[in-house]
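S.K.: There's a structure below that I have some questions on.
The values are calculated or read from the model by the stated rules, or taken from the named source; none is laboratory data. Since the structure is predicted, the reported quantities are computational estimates derived from the model, not experimental observations. Counting neighbours? That spans all protein chains shown, and the Cβs are built from the backbone with ideal geometry, glycine included.
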Amino acid sequence: MEDIIIHCPTKDEWVKVQEELFKRGIYWCYGDKEIFKSWGDYEKESCLRVEYNRIYSYCNKEYYQKHYSHIKIITAKEFLTPSSEQNKPAENKMSIIDNIKLARKSEPENSLVQAGLMNMDETLTAEGESVLKDILIQEFKEKMKTEYADILKLEN
């Protein structure tokens with residue numbers, strides 16, 4: 001999904017947009033899949049900023065118009081309309097390495113959390129476990145085939 005800012009002028013739209021994002025596999029940058037209940041902070045001016053297939057922040061529309069003018073602002077109704085381009089699943093998701101690099105730039109001590117690989121309590125998310133497994137397999141694939149083939153009964 002392309003980077004967007006979604007304007008949610010009602011509390012109902014605020015909740016529905018987050019639910020739809022979660023259905024699409026787009027969660028808060030720190031890995032949370034809970035509905036953020038801060039619509040009241042900005043009320044009818046509330047917006048959610050979605051970048052790199054993560055929800056990175058919320059603020060008022062004016063702030064995003066001023067500081068994120070390079071990102072398109074759409075209404076919640078536009079986002080929630082089934083025919084909307086914004087509502088289609090991401091075809092070109094960022095690689096996990098790119099997610100980590102982006103997160104490290106903005107908040108180095110929480111880069112794995114922001115990349116969706118680790119929870120705030122420092123346990124791995126399901127995605128984090130999967131990525132770790134993939135990295136280990138790639139790193140030790142040849143060694144597993146040769147040195148541990150008998151133990152693991154891997155096919156060559």
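S.K.: Which of the residues spanning segment 58-77 are in contact (Cβ under 8 Å) with a residue 24 or more places away in the chain and within 15 Å of Val17 (Cα to Cα)?
M.R.: Correct list: Ile73, Ile74, Thr75, Ala76, Lys77.
S.K.: Suppose we filter segment 38-64 for residues that are assigned to a strand (DSSP E or B) and either within 11 Å of Lys11 (Cα to Cα) or not polar (S, T, N, Q) (or both); how many remain?
M.R.: Total satisfying the criteria: 11.
S.K.: What do you reckon, is Lys16 in a loop (DSSP other than H, G, I, E, B), modelled with pLDDT of 90 or more, among the basic types (Lys, Arg) and farther than 23 Å from Asp134 by Cβ?
M.R.: The answer is no for Lys16.
S.K.: Quick one: is Ile6 at pLDDT 95 or above and part of a strand (DSSP E or B)?
M.R.: When the stated conditions are applied, Ile6 passes them.
S.K.: List pairs: first residue in segment 1-22 and closer than 17 Å to Pro82 by Cα, second residue assigned to a loop (DSSP other than H, G, I, E, B) and basic (Lys, Arg) anywhere in the structure, Cβ distance under 6 angstrom, at least six positions apart or on different chains.
M.R.: Phe22/Lys33
S.K.: Return the pairs, sorted by first residue and then second, in which the second residue is part of a loop (DSSP other than H, G, I, E, B), the first residue lies in segment 31-42 and is surrounded by 16 or more Cβ atoms within 10 Å (Cβ to Cβ), the beta carbons are less than 6 Å apart, and the residues are 6+ apart or on different chains.
M.R.: Gly31/Gly116; Gly31/Asn119; Gly31/Thr125
S.K.: Okay, moving on. Read through the list (1) at pLDDT below 70; (2) within 21 Å of Cys29 (Cβ to Cβ), then give the number of the only condition that Glu85 fails.
M.R.: Every listed condition holds for Glu85 apart from (2).
S.K.: Please verify whether Phe22 is in contact with a Phe, Trp or Tyr (Cβ under 8 Å, 6 or more places away or on another chain) and either at pLDDT below 95 or part of a helix (DSSP H, G or I) (or both), treating the condition exactly as stated.
M.R.: So Phe22 does not fit the description; no.
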